[in-house]
1. What percent does the relative contact order of the stretch 267-307 come to when contacts are Cα pairs within less than 8 Å and at least six residues apart?
2. Find the relative contact order for the chain and round it to a whole percent, using C-alpha pairs within less than 8 Å whose residues are 6+ positions apart.
3. Per-residue counts of other Cβ atoms within 10 Å, averaged by peptide: what ranking do you get for 320-333, 355-368, highest first?
4. If the cut-off is a Cα-Cα distance under 28 Å, which lysines reach residue 449, setting aside same-chain residues fewer than 8 apart in sequence?
5. Using θ = phi - 60° and the Karplus form 6.51 cos²θ - 1.76 cosθ + 1.60, what ³J(HN,Hα) does each residue of the stretch 447-455 get, whole Hz, x for Gly and Pro?
6. With unit charges on the beta carbon (Lys/Arg positive, Asp/Glu negative), name the residue among 403, 243, 61 whose Cα is farthest towards the positive pole of the charge dipole of the chain.
7. Packing-wise, with mean Cβ within 10 Å as the measure, how do 102-109, 68-75 rank, highest first?
8. Could you state the accessible area per residue of the stretch 62-194 in Å², with a 1.4 Å probe and every protein chain left in place?
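The values are calculated or read from the model by the stated rules, or taken from the named source; none is laboratory data. What you see is a predicted model, and the numbers here were worked out from it, not measured in a lab. Positions of Cβ are backbone-derived with ideal geometry, glycine not excepted, and every protein chain shown enters the neighbour counts. To get the accessible areas, we keep the full protein, side chains included, count just its heavy atoms, and leave off ligands, DNA and RNA. Shrake-Rupley method; radii C 1.70, N 1.55, O 1.52, S 1.80 Å.
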Amino acid sequence: MAINEKKWWKESVVYQIYPRSFCDSNKDGIGDLGGILKKLDYLEELGVDIIWLSPIYQSPNDDNGYDISDYRSILKEFGTMDEFDRLLEEAHKKGMRLIMDLVVNHTSDEHEWFIQSKKDKTNPYRDYYIWKEGKGNQPPNNWGSWFGGSAWEYDENTDMYYLHIFSKKQPDLNWENKKVRQEVYEMMRWWLDKGIDGFRMDVISLISKNLAFPDGEKGDGLYGNLTPYCAHGPRVHEFLREMNQEVLSKYEIMTVGEAACVTLEEARKYAGYDRKELDTVFWFEHMELCSGEYGKWTDEAPKLTELKKVFDKWESGLEGTAWNTLFWSNHDQPRVVSRFGNDGKYRELSAKMLATCLHMMKGIPYIYQGEELGMTNAGFTSLEQYRDIESINAYHENVEQRGLEPEKMMCYLQKVSRDNARTPMQWNDSENAGFTEGTPWIEVNSNYKEINAERELAESKSVFHYYKRLIELRHNMEIIVYGSFEMIMKENEQIFAYKRSLDGQTLYVFCNFTEENVICNEIPKNGKVLISNYTERHSEKLRPYEAVVYEVREESF
Ligand code: TEU
Ligand code: CA
């Protein structure tokens, strides 16, 4: 495949569904497949091309489905395989594709493989997971789990420890074992043969571990950092090439690797067009600009120049090598309008500005459910309202073991907890936002009477309709998909601006990230406004959170 070869997935916009929080069809307070089926018309109206479903497989839900106990069955609370088949068929009928979450760095500890593996050291499944002897009565090394505590769990039965980068109910699979890889490939083929259109691969960058298992650097934390020994490990590219050869290359699909901790250099390997590994990867540098003493737990906001630098780096760094991926939010991140915009007075304007900024760049844009409505952070004020294992563990570790003031931690949770993105989708202004007629598994955001889909569908100036227009533009203008990208006004601390060019046509995109009026001298005099979140245009200034895209054709110079 040549880098500029046209491909359906390069021309697509992806919509991420977090099924638990999307729509409940049977009043148990939990979103389900029936709910998604009911809302396909809504997605068709929005105009997205691909649906990505967060995990819907059988799971004890220690980490909301990212801990899978059976890859070939549907979580009971979500519905049945028949309903899944119907969903796939209906989506296809509407011209939408469907990609599934593939979680194969780890399974649930309730997966049959692990149940067997734990039984004794000679069990045929023993080597499906990573078991090590302790050091005296200490774990094999000092690694800390990303969800708090040690990354090693002691098993009394065999007097050994198993590795879990995430919760202790998410034991890591041993990818060194060829049988594990073959099981995974077989399972992937099973889903692909059903007709799904690809995979989003959970923490795929972590599957190959440094087999020396050295202690990690400790820094201020209680545990050593495992990342340098697990991310982009020695055999990760070999494994992905094998997976590509045995599975992916046999189907007309798209893949996106969640390449946690990925650097530009590594991304070029995972997604390099001639590397025969993955089609694309998610990178996270824009999400991680403010990590501090407590890791991701902080209330700081990044400087706009830093944010721009990151996008510039990835847009230009991947050009000619790999196709880019664009997202502001997902089920692990706070709501973008609360994070980089303004969720008060300028909520609608800033939501549209952020959408413009992202959707006009080069790469595949992802929309996380509710983002198209400008949904905001949860606004939880007590720990009891949180459901997320990462948030709850981090509260206890930081407050009880590291002495952080509880108020401070609550404030961090309000800013960056994953639950900010997991409150139920706001469909209408009836009780529980129309998400459920039962009791929702997590509280509905109290602003649902003002922010909901029904209202936005009816209002032509809504955030929803703005997203819809951005998607239409991308579908209708080749330059938005294939045009080259160039960041401009790099040092400006208020405006995010860039240029797209293709065959004598240029788009200028200006986004004001502040609530002030900002002078902008670079606005082209001979441009035609393609889209803007304000109706009237000012020729040399940008108003609060204003976004405007100008189209300029060569002959008009
Ligand atoms: O996330 C991987 C990952 O990098 C997260 O742990 C991330 O660091 C954190 O969520 C940021 O707050 C994936 C899934 O997206 C996440 O939901 C799962 O919990 C995790 O893998 C384990 O499967
Ligand atoms: Ca339900």
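1. Details: 30 pairs, mean separation 9.7, N = 41.
The normalised contact order for the stretch 267-307 reaches 24 percent.
2. On the way: 1168 pairs, mean separation 73.8, N = 557.
Rounded, it is 13 percent for the chain.
3. On the way: 320-333: 21.6, 355-368: 24.1.
Put in order of decreasing packing, that is 355-368, 320-333.
4. Filter leaves 27, 38, 39, 345, 352, 415, 461, 468.
5. The phi angles translate into 8, 5, 5, 8, 10, 7, 4, 4, 5 Hz.
6. Projecting each Cα onto the dipole axis, the largest value belongs to 243.
7. Numbers: 102-109: 25.1, 68-75: 18.8.
Peptide ranking by packing, descending: 102-109, 68-75.
8. Values: 5500 Å² over 133 residues.
Per residue, the stretch 62-194 has an accessible area of 41 Å².
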